[in-house]
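The values are calculated or read from the model by the stated rules, or taken from the named source; none is laboratory data. Because the structure is predicted, anything quoted here is derived from the model rather than measured. All Cβ positions, glycine included, derive from the backbone under ideal geometry; neighbour counts span all protein chains shown.
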Amino acid sequence: MKYLILFLFFFSSIFSFASDEKKFALLRKKMVEEQILSRGMEDKKVLEAMERTPRHKFVPERYISQAYKDHPLPIGYGQTISQPYMVALMTHYLKLTGEVPPSGLKVLEIGTGSGYQAAILSELLKGKVYTIEIIEELGVSAARLLRALNYKNVEVKIGDGYFGWKEKAPFDRIIVTCAPDHLPAPLTEQLKEGGIMVIPVGPPGSYQTLWQIEKKEGKLIFNNMGGCIFVPFRRK
Ligand code: SAH
């Protein structure tokens, strides 16, 4: 009898897990259609990555029911996982899927947070994602989650992203998901010739500008992609 109850319990948990995953897949499809495509972001590869990546696994348990809603969510330590549309847009501005060398691109992210943006990059890349987080607890748990979900080409480091990741530089792409009040010089130095950086810059908690910066013949070309609000870029 005891074994029968155990068996039934086991069976019903698998069943409810499968139906939950189905429900989340539907919510993801809806998120892509209603929040991203409807705003005119039509980059197919990015949309596919957003539809595949289980965002609900990157938010704290108590926010799971809001994981696919049209806004950022708290992830602890005063930080947030960005709004899905912003993740899609920044990823699109990085131009990861155009003409790419066979070995793939090397991407640096500053602000690992939940690890969600890194997972989206990993889905899209043949190359490698290096990501730096200043809050140790967040970095450690993101690294653990990314490993558990089998995102093999992501490496997480705890530290101040202001200085980039010298040992792994230069990078084809750099994405910054917190806003400094000026452009960190070490990051532009670590950007490869022909590379692209996407970064919000502006005062903390106030109106900031999202920049797409291209390095061409050693010069930086700035494209203003509009206003945004990100959590501040912290310094140790
Ligand atoms: N990309 C994240 C967004 C997290 S919010 C996601 O997908 O969830 C931005 C993150 O940047 C926060 O976790 C914050 O702790 C981190 N951060 C702020 N200043 C930093 C710095 N100087 N170096 C590295 N990470 C920083």
Practice task
Please work out if V107 is at negative phi and within 15 Å of the ligand (Cβ to nearest atom).
Solution key: yes
Handout entry: the range 85-125, residues that are assigned to a helix (DSSP H, G or I) and under 10 Å from the mean Cα position of the chain (by Cα)
Key = M86, V87, A88, M90, T91, Y116, Q117, A118, A119, I120, L121, S122
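Taking the range 27-51 as the search range and keeping residues that are acidic (D, E) and not in a helix (DSSP H, G or I), which one is nearest to the ligand (Cβ to nearest atom)? It would help to see each step written out before you state the result.
Filtering the range 27-51 down to residues acidic (D, E) leaves 33-34, 42-43, 48, 51.
From the residues that got through so far, the ones that are not in a helix (DSSP H, G or I) too are 42-43.
Values: E42: 22, D43: 18 Å.
Going through the qualifying residues, I end up with D43.
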Problem - Scope the range 171-199; condition surrounded by 22 or more Cβ atoms within 10 Å (Cβ to Cβ) and hydroxyl-bearing (S, T, Y); matching residues - result: T177
Fill in the blank from the handout: Considering the range 74-104, residues that are touching a Leu at 6+ places or on another chain (Cβ under 6 Å) and away from the ligand (no atom under 13 Å from the Cβ), and then whichever is farthest from C228 (Cα to Cα), we arrive at G104
Fill in the blank from the handout: Log entry, pairs with first residue in the range 100-113 being in contact (Cβ under 8 Å) with a residue 60 or more places away in the chain and within 11 Å of V154 (Cα to Cα), second being of a type in the set (S, T, N, Q) and within 11 Å of the ligand (Cβ to nearest atom), beta carbons closer than 8 Å, six or more apart or on different chains, reads L108/T131; E109/Q117; E109/T131; E109/T177
Practice task
Could you check A148 against (1) free of Cβ contacts under 8 Å to residues at least 12 places away in the same chain; (2) crowded, with 16+ Cβ neighbours inside 10 Å; (3) of a type in the set (G, A, S) and say which number it fails?
Solution key: (2)
Practice task
Determine which single condition F230 fails, assuming it passes every other condition in (1) touching a Pro at 6+ places or on another chain (Cβ under 6 Å); (2) surrounded by fewer than 16 Cβ atoms within 10 Å (Cβ to Cβ); (3) hydrophobic (A, V, I, L, M, F, W, C).
Solution key: (2)
Practice task
Give the range 118-128 a look and list any residue that's in contact (Cβ under 8 Å) with a residue 40 or more places away in the chain, within 16 Å of the ligand (Cβ to nearest atom) and in contact with a strand residue (DSSP E or B) (Cβ under 6 Å, 6 or more places away or on another chain), or say none.
Solution key: L121
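With respect to L47, is the statement that it is aliphatic (A, V, I, L, M), at pLDDT 95 or above and farther than 24 Å from V154 by Cβ true? Outline the logic, then answer.
Numbers: aliphatic (A, V, I, L, M): yes; at pLDDT 95 or above: yes; farther than 24 Å from V154 by Cβ: no.
So L47 fails the test.
Which of the strands (runs of 3 or more DSSP E) found entirely inside the range 129-236 contain at least 3 residues meeting this: among the hydrophobic types (A, V, I, L, M, F, W, C) and within 14 Å of the ligand (Cβ to nearest atom)?
Values: elements: 154-158, 171-176, 191-201, 208-216, 219-228.
Hits in the range 129-236: 154-158, 171-176, 191-201.
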Practice task
For the range 52-62, state whether one or more residues are within 8 Å of the ligand (Cβ to nearest atom) and under 23 Å from I199 (Cβ atoms).
Solution key: yes
Exercise for the section: For the range 200-209, state whether one or more residues are under 17 Å from G111 (Cα atoms), in contact (Cβ under 8 Å) with a residue 60 or more places away in the chain and buried (at least 16 other Cβ atoms within 10 Å of the Cβ). Expected result: no
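Would you call A88 under 18 Å from L149 (Cβ atoms) and at pLDDT 95 or above?
Values: under 18 Å from L149 (Cβ atoms): no; at pLDDT 95 or above: yes.
It is false that A88 is under 18 Å from L149 (Cβ atoms) and at pLDDT 95 or above.
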